[in-house]
Amino acid sequence: MGGNAEIFIAGASDRTIGVQRVLKDFDLSVFSDSEIALKANYNSADPPPASTHVDTLDALCTAILAEKPKKLTLAERSGMGNTRGVLETRGVIALAQNRGFSTVVLDELERPGWKEIQAPGLHWSRGFFIASIVARADRVVQTCCLKTHRFGAASRRTGSADISH
């Protein structure tokens, strides 16, 4: 891996406006007639910044859906709680129903819902598994939560928002 990454930053007190400002720099037409897998950040039911704000998710999904994809699916697994419960608590299930995208709780997938990845030179000598919904998607969108990690040190903020294709 290597190369350069483009970084987009937008300041806004309104999350929807902030997302719109960032997305104006992307060619969103790549989502047209594509299957999109979306991974947000719902490790827990704690409010933002511990999880993706529902307004941020709504703005992102609205922009993607405006491009008329074949399908938009949010795939999620919570590390610190019952994923379905976390998604309900954070308003994600209701948002998906209102906006017309689907949700997949990765914890509920049986073995056929996962694809094994094996290749020489991988860091993981025995390979790894990835959700089939992600493996077969035409595009994968990942959101983040910009928050401090470990002891609240402001200098340790991390995060990314990626559109992979």
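The values are calculated or read from the model by the stated rules, or taken from the named source; none is laboratory data. Note that this is a predicted model, so its numbers are computed, not measured. Positions of Cβ are backbone-derived with ideal geometry, glycine not excepted, and every protein chain shown enters the neighbour counts.
Things to note:
- Residues satisfying the stated conditions in region 94-140, i.e. aliphatic (A, V, I, L, M), surrounded by 17 or more Cβ atoms within 10 Å (Cβ to Cβ) and closer than 19 Å to Ile64 by Cβ: Leu95, Ala96, Val104, Ala131, Ile133, Val134, Ala137, Val140
- Taken over region 44-80, the criterion of being over 28 Å from Ser34 (Cβ atoms) and surrounded by fewer than 16 Cβ atoms within 10 Å (Cβ to Cβ) is satisfied by Ser44, Asp46, Pro47, Pro49, Ala50, Gly79, Met80.
- Figure legend. Inter-residue proximity from region 87-110: first residues in contact (Cβ under 8 Å) with a residue 60 or more places away in the chain and under 20 Å from Ala131 (Cα atoms), second residues hydrophobic (A, V, I, L, M, F, W, C) and assigned to a helix (DSSP H, G or I), beta-carbon distance below 9 Å, spacing 6+ or different chains. Indicated pairs: Phe101/Cys61; Phe101/Ile64; Phe101/Leu65; Phe101/Leu95.
- Filtered by the rule that a residue be out of contact with any strand residue (DSSP E or B) (no Cβ under 9 Å at 6 or more places or on another chain), assigned to a loop (DSSP other than H, G, I, E, B), under 26 Å from Lys24 (Cβ atoms) and of a type outside the set (Gly, Ala, Ser), region 38-66 gives Thr52, His53.
- Consider region 103-120 and keep the residues that are in a strand (DSSP E or B) and not polar (S, T, N, Q). The one that is nearest to Ser78 (Cα to Cα) is Val105.
- Any chance Leu109 is at pLDDT 95 or above and not charged (D, E, K, R): yes
- Applying the set (1) under 22 Å from Phe31 (Cβ atoms); (2) aliphatic (A, V, I, L, M); (3) assigned to a helix (DSSP H, G or I); (4) in contact with a Phe, Trp or Tyr (Cβ under 8 Å, 6 or more places away or on another chain) to Leu95 leaves exactly one unmet item: (4).
- Qualifying residue in region 21-29 (condition: crowded, with 16+ Cβ neighbours inside 10 Å and of a type outside the set (Asp, Glu)): yes
- When region 67-85 is filtered for residues that are within 15 Å of the chain's Cα centre (by Cα) and in a helix (DSSP H, G or I), only Thr83 remains.
- Among (1) modelled with pLDDT under 95; (2) in contact with a helix residue (DSSP H, G or I) (Cβ under 8 Å, 6 or more places away or on another chain), the one test that Glu76 misses: (1)
- Flag for Lys24 being within 28 Å of Leu109 (Cβ to Cβ), without any contact (Cβ under 8 Å) to a residue 60 or more places away in the chain and over 12 Å from the mean Cα position of the chain (by Cα): no
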